[in-house]
Each structure stands twice: as structure tokens, then as C-alpha cells.
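Single-structure report; data block below.
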Amino acid sequence: MRSGSGWEGPQAESWATRQLAEFLSVVSSFTHEEDALQGCVERAAAAIGTEVAVLLRDGKVAASIGFPHGAEPVADLVEASGDLRFERELGDLGVCTGMCSLVGEEGTLLVARVGRRDFSNRELDLLRGMGRVLALALRSIRLIGELRERQTLLERLTLLQRSIASRAAIEDVLHAIVSGASELLGDELVDLSLIDPEDPTVLEVVASIGYSPQALEELARTPLGVGIAGHAVTEKRPIVVEDYGADPRRLPETAVDGLRAVISAPVYQRGELVGALSLGTRRPGRRYSEIERDAVLAFAEHAGLALNDAKAAEETAHQAFHDPLTGLANRALFVDRLAQARTRAAAAGDSVGVLFADLDGFKTVNDSLGHAAGDQLLIIVGQRLAS
């Protein structure tokens, strides 16, 4: 037996295999990354028999046991993690003997005993095995998390598609898009802005969630060259800003007090760029994952689908009650409006009059100049009547 607590030989090998199997069982039982990290350091300390176990990531403590929370000697631990084995002081614990193992690309798993009791080779091999197992477990947890997020996204998008297909009011569908995006990604500020058809240099907010009335009033109409949404439209591409305060494209501070991160995706209607869907948060350290970026694009695409459907419904209704050549109301709309006018007149004891206008000589135009000329004449007359 070595000076450490681990056995050498068949007994040690059986012990290490059993400990590693138990470690795998414990770590694999977690569904959240933070829980898995904390569970891993606790199990590693118990299995190897140490007072200290720490997982270091990017020079920071991701999980630990053996120190008060938030009081870990980070500088000592980071320096110790550079060696396979070490003997050094760790904070108030004094001299500790420890060993380290890489956890794939996730960081370093470090364990230590108080005092100068060394570790056996079997214990070092066990720690290495724990590092490999933890790396695989974290990948699995992330994969499962992404699958769940994608499933949730699909469910949200399915609901939106049903709303669009059932011809829900366009205002309700657009509100469902901004609220759904907010709930799914956890960002508290979401707005859908469309180019003003009367002034194509301006973006107008048509649906939003999370903004105060004052902020919304300032954001209601913004020039295309200002703000992340405006640039997403002018540059015709999604834009992600994770340090909003340092970005030269940001809006005035009064409108977005404390905004930390923004993501904006263009919205298309029938292949034409018409606006942008934007999400923002005041939470520090916000980073948008690949699946979150895909989700924003999917919500922006569904905004375009909703606008397409609303436009198609509007055109269908217009075609049903208007003459395709002149754009004037057709017989069906005339009869409907006449019935309404008669009903109102009867209720008020009034009468209704109808003005009939005939176009003299129209047949002669058709016969002498052709139907194309006759159609053009009808269009001109319709324009004059409308004016």
C-alpha cells in the first residue's frame, strides 16, 4: 500500500471501478448543469476521501465543497490547478495536498486533503475517470436541454401557426409572437417594428411587451438608421449585441434604461423586408446561444407569415366586394350597403335614394377601339368617380 489511502492491486482496481460507476450514476441523474457540477464535486470528495473538491472554469469557481460559498481562495486554486499534483496552502485550510484532472474542455476538477497525505496512482486514475465522465455528462445535459428547448419552441410555433390558420386577429397574433418570444428566451423587452408605409424611413412599433409607457412612447417611431432594429432592417441580417452600452448603434439611454443585450432579426412579407423583431434584457452577462438565435429567427419568420396571411385575407375580402378592373365597389357590396342604408332609414323614418350613372357611347368605344381601350376608359371613369 502507498502512503495514500488507496490500495494497489486487484482490490484497488475493484474499488476504483465501483466508485467510478457510482459517480457516473450520480452525475447522470441530474438534468440541470449547475446541479450536476455541485453533485460532481460532492461525490468526488466523498469517493476519494478529501475535504476539498472544486471545479474551476475560466479562472472562476463553478462549484465547490470545503469552503464557505463565495469565500473560496480562487487565486490559490487557480495556481494549484496548473499542476497534476500539488502541495500548497489553500486559504484558511493551511497546507493541503491535492491533484487535478481536466474535464474535457469544461475546466479542471481539483481535489485536496488537508495536510500532507499523498494520493495513490489509483486515486489519480479515478479522478481522471471522473473528469471524463463529467465532461460526457455535461454534454448530454446540454443536448437534452437543447432538445427540450427545441421541443418547447416547436410547441410555441405550432400554436402560432394554428392562430394564423384560424384567421385570428392580426393584432392578437403579433402580440402572441412577442409574448411567446419573451417567455421562451426569458428576455423582458420585446418589440415588433414595421416600416411605416406612409414614411419608409421610419420604423413603427406595432406590438411590444415589457416597456414602460414612457419608453414605448420614445420607441414608437424611430428612424431606420437608429437602433439595433433599424440596422437589422437596413443591413438585411440578424444582429446580436451583448454589450449594448458600448455599441454605437444604441438608442438614447432614456428609452432603454439599463439595457445590456439585444438581438434583432429582420421580418419579411412576401419576400420584401418590412420590419424587425427585437428582444432585449437588462440582465448582466446575457449571452445568446445558437438555439436562442434560431428561435428569434423562427419567431421573426412567423411574424412574416402572419403578415402574409393578414394581407392575403385583406386582398381576398377586397376582391370579393370590389371590381377587379376599376377597384370600385361591386354589385355584392352595393347590395349589402343598400340593405344597411334601408334598415337605418326605416328605423329613423327616412327614405333612401339611389343615383344611377350611365356611360353613354361605351359600346361604340369597345366596337371601334377594342376591349383594351374600353377597359382603360372604365378605369379612368372609376378614378374620376373616386376622386
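Below are the figures for this structure:
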{"read-out": "Test: residue in the stretch 243-253 that is open to solvent by less than 40 Å² (accessible area, probe 1.4 Å), farther than 25 Å from residue 304 by Cβ, part of a loop (DSSP other than H, G, I, E, B) and at pLDDT below 95", "value": "yes"}
{"read-out": "Whichever residue in the stretch 48-89 is part of a helix (DSSP H, G or I) and out of contact with any Lys or Arg (no Cβ under 8 Å at 6 or more places or on another chain) and, among such residues, is most open to solvent (accessible area, probe 1.4 Å)", "value": "75"}
{"read-out": "All positions within the stretch 32-47 that are hydrophobic (A, V, I, L, M, F, W, C) and open to solvent by less than 50 Å² (accessible area, probe 1.4 Å)", "value": "36, 37, 40, 41, 44, 45, 47"}
{"read-out": "Which numbered condition residue 305 misses (of (1) open to solvent by 40 Å² or more (accessible area, probe 1.4 Å); (2) touching a residue at least 60 places away in the same chain (Cβ under 8 Å); (3) aliphatic (A, V, I, L, M); (4) in a loop (DSSP other than H, G, I, E, B))", "value": "(4)"}
{"read-out": "Residue check, residue 346 aliphatic (A, V, I, L, M) and at pLDDT below 90", "value": "no"}
{"read-out": "Test set (1) open to solvent by less than 40 Å² (accessible area, probe 1.4 Å); (2) farther than 25 Å from residue 31 by Cβ; (3) touching a residue at least 40 places away in the same chain (Cβ under 8 Å) - residue 114 fails condition number", "value": "(1)"}
{"read-out": "Residue pairs meeting the criteria (Cβ under 8 Å; at least 6 apart or on separate chains; first modelled with pLDDT under 90, in the stretch 194-211; second open to solvent by less than 30 Å² (accessible area, probe 1.4 Å) and among the charged types (D, E, K, R))", "value": "211/191"}
{"read-out": "Subset tally (residues that are under 24 Å from residue 320 (Cβ atoms), open to solvent by less than 90 Å² (accessible area, probe 1.4 Å) and more than 52 Å from the chain's Cα centre (by Cα)) for the stretch 335-373", "value": "2"}
{"read-out": "Pairs where the first residue, in the stretch 90-102, is assigned to a helix (DSSP H, G or I) and the second is open to solvent by 10 Å² or more (accessible area, probe 1.4 Å) and β-branched (Val, Ile, Thr), C-beta under 8 Å, 6+ apart", "value": "93/114"}
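The values are calculated or read from the model by the stated rules, or taken from the named source; none is laboratory data. As the structure is a prediction and not an experimental result, all values here were calculated from the model. We place every Cβ from the backbone using ideal geometry, glycine too, and count neighbours over all the protein chains shown. The area values use the complete protein model at the heavy-atom level, side chains included, leaving out ligands, DNA and RNA. Shrake-Rupley method; radii C 1.70, N 1.55, O 1.52, S 1.80 Å.
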